[in-house]
Structures are given as C-alpha cells and as structure tokens.
Amino acid sequence: MSHLAVAAVQAPPRPIGEPFPAFADEAARVLADVPETQLMVFPELHLFSDGIPDRQRSEALQEAAQPLDGPLVNELRQLAGDLKLWLVPGSICERGPHGQLFNTSLVLSPEGALAASYRKIFPWRPFEPYDPGDTFVTVDLPGFGRAGLSICYDAWFPEVTRQLAWMGADVIINVVKTTTPDRAQELILARANAIVNQVFMISVNCAGPTGQGRSIIVDPEGAVLSEAPDDSPCVLSAALDMGHPGRVRSEGTAGLNRMWSQFRTDDPPIELPIYGGRITPATWTPEAHTKHQP
C-alpha cells in the first residue's frame, strides 16, 4: 500500500442554506494550496451552522435535513468528481426513511460516487437532537487501504474504534464539532485510540469562534504527525504510510506490543457480560475476521 496524502481542514462551519458554490470554492482553495491532496476532510456538520454562537438548534437542523439522494449529496458527489479526490465534507443532517434525524458522515469518491455513509451511533446526549445510528461503517480506498468512520463523541466509546479496527480499518476518520473545554481530553483519546487499535486517527475539529480547534493526526503508535496549536483556521497535511498499521500489528507497538495477536486459537472464550457476548480467540484478529467474511 502507498502513502495517502491527507488534508484535514480546520475551518469554521458554514451557515445552513448557504449557496453550495461557497463550499465548492473553499474545497478548491484547499486543493490549490495542498495540490497533492488525495483525501480531504472537513469537520462535523461543516455545512450546518445556525449562527455564532452555534447552539445546534433542533428546529434549524430538522428543517435543513435531507435524504442521501437529495440535492446536497448530489452536489457533493459532483464536487468530489470535479476535484478528483476522496472527500469527507464533515457530516450532514440526514432525513431518515421514517422521518429520523441522523448526523451522518459521508465519503465521496474521486469518481463522484457516494462511497459510504455513517450515522453517528453515540449522539452527545442530552445536548444533541439526533437519532442514533446502529451500524459501523468502513470504506475501501483502492490503492491505499480501508477507512473507518466515526463522529465526535463516538471517540469517547472505545468500542467504536475497536470495532472499526477489527473490520480492517487502517485509518479512522473522526469528524468533530467540539465547542466545549473537553477538547483537551479528546486529544488524549485520539492518541489512545490509535495506540490500542494500531490505526491512524484523523480528528478534525471546527475552528473558532464556534469550535475549540486543535485538530490532530496520529499514527498507529500514537505519534502526532500534525496538530493545530489552537482554534485558528488551518489545514493539516500529512502523508499517511498505509503500510504502517500492518507492520506495527506484525512487529508490535515500539517493537513490543501485539494486541491483535494476543490469543491462541485454542484459548477459551472470554465472556463479556456488558455486551451479552464474548471474545472468541479464533476470530479476534482483523485478519481472521476478514477471512470469515462471505
């Protein structure tokens, strides 16, 4: 696998209802400044600001929600195809098939297709109005590897990143809209999730005055590849060696720790009462999981 050139855009959110060309121009400027970009990532709800301070008013978000085959997603598909890159435009307010309001992260392909969509499983309760999703999502980036999708508060639940890593993700794209002082803890979580799952973590927060900024890109051993020092608008760029997760899983973090190789296949299962399930040694590693897929 080759290197994946990432541009993580720490920017203030754009107003609900703003004409789409304003965002298209923003993405084009980022590409002009970082022309090697192959994956461009914007923060959570980047296109759904309801003002400063952004209170995430339920009424405004409900009115702005669209289905995945609506005009906004069609415009985003066209933009990704025009720019010829993988585009994560943050997340959108999705109107579900039964009227639900989902906070949904999108991945658009360089060919202009909707490659993946992920509904936030852990909305930040009691502050957010979203219905929770129920499906973990990964997406293959041909020639590079596999990405897993998570949104903001999902990073506080270790089960999310662990599940995505088990599904074969090499990099987790965590789009964020943190306006509160707990961004300091999220930086620790980004590094911890990277270390314990041996994956890249891309955590892209919105800029001030709405957000706390401090976006970060972390490698599979927890080293910080790029980090915004404050909430100022900026673009973090990094070339991710997509072979790194495989090497560190084989050789160990710091040449030592190989968590995905912890078990022997004849070890007894470990019961997990909190989930009503178990760790089964024979299917613990991502490689074993992949082999068991139909």
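Mind grabbing the accessible area of Asp266 for me, 1.4 Å probe, Å², rounded to tens?
Counting only protein heavy atoms, Asp266 exposes about 120 Å² to solvent.
Could you pull the accessible area for Thr138 with a 1.4 Å probe, rounded to 10 Å²?
40 Å²
Using the C-alpha gyration tensor of region 1-96, what are the square roots of 5 times its eigenvalues, in whole angstrom, with the largest one first?
25, 15, 12
For region 104-180, what number results from the quotient of the Cα radius of gyration and 2.2 N^0.38 Å?
Computed over Cα atoms of region 104-180, the ratio equals 1.11.
Would you mind checking which residues have amide H under 5 Å from Ala5's amide H? H placed 1.01 Å from N; only 5 or more apart, or other chain.
Here Gln38, Leu39, Leu240 satisfy the definition.
What percent of all Cα-Cα pairs in region 39-165 falls into each 5 Å bin, going from 0 up to the bin containing the maximum distance?
2, 11, 20, 24, 20, 14, 7, 1, 0
Using a 1.4 Å probe over the heavy atoms of the protein chains, calculate the carbon and sulfur portion of the accessible area of region 163-294 as a whole percent.
It is 54 percent, rounded to a whole number.
For region 160-202, report the % of Cα-Cα distances exceeding 12 Å.
57 percent
Using the Karplus curve 6.51 cos²θ - 1.76 cosθ + 1.60 with θ = phi - 60°, work out ³J(HN,Hα) for each residue of region 12-28 in order, rounded to whole Hz, and write x for Gly and Pro.
Those phi angles translate into x, x, 9, x, 4, x, 4, x, 4, x, 5, 6, 4, 5, 4, 5, 5 Hz.
Not counting the cut sites, what is the longest span of the chain without chymotrypsin sites (Phe, Trp or Tyr not before Pro) that DSSP labels loop and that have at most 12 other Cβ atoms within 10 Å?
Longest gap between qualifying sites, sites excluded: 128-274.
Using only the heavy atoms of the protein chains and a 1.4 Å probe, how would Lys84, Lys120 rank by accessible area, largest first?
Sorted descending by solvent-accessible area, the residues read Lys84, Lys120.
So what's the convex hull volume per residue for the Cα atoms of region 192-238, in Å³?
On the way: hull volume 2.8 nm³, N = 47.
That works out to 59 Å³ per residue.
Given N residues in region 191-286, what is its alpha carbon radius of gyration divided by 2.2 N^0.38 Å?
Numbers: Rg = 17.4 Å, N = 96, 2.2 N^0.38 = 12.5 Å.
Relative to the 2.2 N^0.38 Å estimate, region 191-286 comes out at 1.40.
What is the percent carbon and sulfur in the accessible area of region 29-88, measuring with a 1.4 Å probe over the protein chains and ignoring ligands?
Looking at region 29-88 in its full context, I get 48 percent from C and S.
Taking the Cα atoms only, what angle lies between the long axis of helix 71-83 and the longest principal axis of the chain, rounded to 10 degrees?
Helix 71-83 sits roughly 70 degrees off the main axis of the chain.
Would you kindly derive the ³J(HN,Hα) couplings of region 34-50 from the backbone phi angles with the Karplus curve 6.51 cos²θ - 1.76 cosθ + 1.60 (θ = phi - 60°), listing them in order in whole Hz, with x for Gly and Pro?
10, x, 7, 4, 10, 9, 10, 10, 10, x, 3, 6, 4, 9, 9, 7, 10
Could you list the square roots of 5 times each eigenvalue of the Cα gyration tensor of the chain, that is, the equivalent ellipsoid semi-axes, sorted largest first and rounded to whole Å?
31, 21, 18
Springs between alpha-carbon pairs under 10 angstrom, Gaussian network model over the chain: which of Asp54, Asp182, Asp230 fluctuates most?
Most flexible of the set in this elastic network: Asp182.
I'd like the distance separating the alpha-carbon centroids of region 216-260 and region 182-202, in whole Å.
That distance is 9 Å.
What accessible area per residue, rounded to a whole number of Å², is obtained for the chain using a probe radius of 1.4 Å?
Result: 44 Å² of accessible area for each residue.
Order the following by accessible area, largest value first: Ile274, Ile173. Probe radius 1.4 Å; ligands, DNA and RNA are ignored.
Ile274, Ile173
In whole Hz, what ³J(HN,Hα) sequence does region 258-271 give by Karplus (6.51, -1.76, 1.60; θ = phi - 60°), x for Gly and Pro?
Once θ is set to phi - 60°, the couplings for region 258-271 become 10, 5, 6, 10, 5, 9, 8, 5, 9, 5, x, x, 10, 6 Hz.
Contact order normalised by length for the chain, with contacts defined as Cα pairs under 8 Å and 6 or more residues apart; what percent is it?
The normalised contact order for the chain reaches 18 percent.
Under a crude label model (7 Å from the Cα following the beta-carbon direction), how far is Gln185 from Phe127 in nanometres?
Output for this residue pair reads 1.1 nm.
The values are calculated or read from the model by the stated rules, or taken from the named source; none is laboratory data. A quick note: this is a predicted structure, and the numbers were derived from the prediction, not measured. Backbone-built Cβ (ideal geometry, glycine too); neighbour counts: all protein chains shown. Protein only, heavy atoms only, side chains kept; ligands, DNA and RNA dropped before computing areas. Shrake-Rupley method; radii C 1.70, N 1.55, O 1.52, S 1.80 Å.
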